[in-house]
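Everything on this sheet refers to the single structure shown next.
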Amino acid sequence: MALTYTTGHDLVLTIKLPSTGTAVTFVDVCASATLTMENEQTVVETLSGRSYKTTAKNATLDVELYQDWASTSPASVCQALWTAATSYPDTAHLAVLTAGGKTFTFNIFPAAPPVGGGANDVLTTSVSFVVEDGTITVA
Amino acid sequence: MSAFSESRKALAESLEGIGYLVYPYPAETMQVPSIVLVPNSPYLEPITISRNVFQQNFKVTLMVAMNDNQAALLNLEDLIEKFMDVLPSNIKIDSISQPSVTQVGPSNVLAVDASVYTQLVKE
């Protein structure tokens, strides 16, 4: 497949929240979405030199949203996240991020979006979701 | 009619509620006091990762006659207050510029530019 350049407008993010029972699409309230995966690597100094061992993976999904608390049509994404974080804090939810023709599938723990902001600002909020086991499937 | 046109029309109708003339474009000759509503730059900004949600920016110029400096400023401040009172709740004020003297046709007017915006979902 030839190289194609994509922008943030080509991202698609959905999260299946138990509070709504269905996959919620974030594209209309989401200003940015970034999935980061890092290896937790131990460096061991030996007589023969350095040895590297990855012991764990950590991943986070960082999302910047426009605050849509009062929205009923479509249903508020911020409200759904808040409900999930307060009612199901330890339940991992399926998330799917499509970027550059690839689909990244993983489970996240819910986080409540911070509320409010500056007087002159359009209210946005940043949420960082922990990815369960740092496991991401790419297809 | 597109969501953008409807939004612009709704803003123009709200401004007409002040009772002064509202020009949808800068005309060659304009009566004062009056209001000129034009698209600002950038006019439309996509703000989410979808291509459906936009910030629509307008420039609203408020003008009064410049016969006497002090009276003109008082009249302009009255007009600014009326302008703020009739703005629909979905229209946000970004800023209002310093008053300046501008020549419109043969006469001088005292004017400010108000930058306002709204956010809407494209149909």
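Computed from the coordinates by the stated procedures, all read-outs in this text should not be read as laboratory data. None of the values given here were measured: they were computed from a predicted structure. For neighbour counting, all protein chains shown are included, and Cβ atoms are generated from backbone atoms with ideal geometry for every residue, glycine included.
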Please find the FRET efficiency linking A:LYS16 to B:ASN67, where r is the Cβ-Cβ separation and R0 is fixed at 45 Å, and quote it to the nearest 0.05. 0.10
Compute the FRET efficiency between B:GLN31 and B:GLU77 as 1/(1 + (r/R0)^6), taking r as their Cβ-Cβ distance and R0 = 22 Å, and round to the nearest 0.05. 0.65
Could you name the lysines whose alpha carbon sits less than 19 Å from that of B:LYS59, not counting residues in the same chain fewer than 8 places away? B:LYS9, B:LYS82, B:LYS92
With runs of 4+ DSSP H residues as the only contributors, calculate the mean residue ellipticity of chain A at 222 nm using -39,500 (n - 2.57) per run, divided by the residue total and rounded to the nearest 500. -2500 deg cm²/dmol
Using only Cα atoms and rounding to the nearest 10 degrees, what angle (0 to 90) does helix B:3-16 make with the longest principal axis of chain B? 30
Which distance in Å, rounded to a whole number, links the C-alpha centroids of the range A:8-38 and the range B:95-112? 47
Compute the distance in nm between two label points, each set 7 Å from the Cα along the Cα-to-Cβ direction, one at B:LEU21 and one at A:THR42. 8.1
Which Cα, out of B:SER107, B:THR48, B:GLN31, lies furthest along the positive dipole direction of chain B (beta carbon charges, K/R +1, D/E -1)? B:THR48
I want to check the label-to-label distance for A:ASP62 and B:MET84. Put each point 7 Å from Cα in the C-beta direction and report it in nm to one decimal. 3.7
Work out the length of the dipole vector of chain B about its Cα centre, built from +1 on the beta-carbon of each Lys and Arg and -1 on the beta-carbon of each Asp and Glu, and round it to the nearest 20 debye. 400
Report, in degrees rounded to the nearest 10, the 0 to 90 angle that the Cα long axis of helix B:69-86 makes with the longest principal axis of chain B. 30
Chain B: most fluctuating residue of B:SER34, B:SER107, B:SER14 per GNM, C-alpha cutoff 10 Å: B:SER107
Hits among aspartates and glutamates - C-alpha to C-alpha of A:LYS57 under 17 Å, sequence gap 8 or more where chains match: A:GLU38, A:GLU40, A:GLU132, A:ASP133
Would you mind checking which residues have amide H under 5 Å from B:TYR23's amide H? H placed 1.01 Å from N; only 5 or more apart, or other chain. B:ILE35, B:VAL36, B:LEU37
If you take the charge dipole of chain A about its Cα centre, with +1 on Lys and Arg Cβ and -1 on Asp and Glu Cβ, which of A:GLY116, A:GLN79, A:LEU47 is farthest toward its positive end? A:LEU47
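Among the chymotrypsin sites (Phe, Trp or Tyr not before Pro) within the range A:1-100, which fall in a DSSP loop and have no more than 14 other Cβ atoms within 10 Å of their own Cβ?
Qualifying residues, ordered by number: A:TYR5, A:TRP69.
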Might you report the magnitude of the Cβ-based charge dipole of the protein assembly as shown about its Cα centre, with Lys and Arg at +1 and Asp and Glu at -1, to the nearest 20 debye? 700
Using a Förster distance of 51 Å, the FRET efficiency for B:ALA12-A:VAL138 (Cβ separation, nearest 0.05): 0.55
Each label point is 7 Å from the Cα along the Cα-to-Cβ direction; what then is the distance between the points at B:ASN40 and A:LYS53, in nm? 5.9
Between 0 and 90 degrees, rounded to the nearest ten: what's the tilt of helix A:77-87 against the longest Cα principal axis of chain A? 70
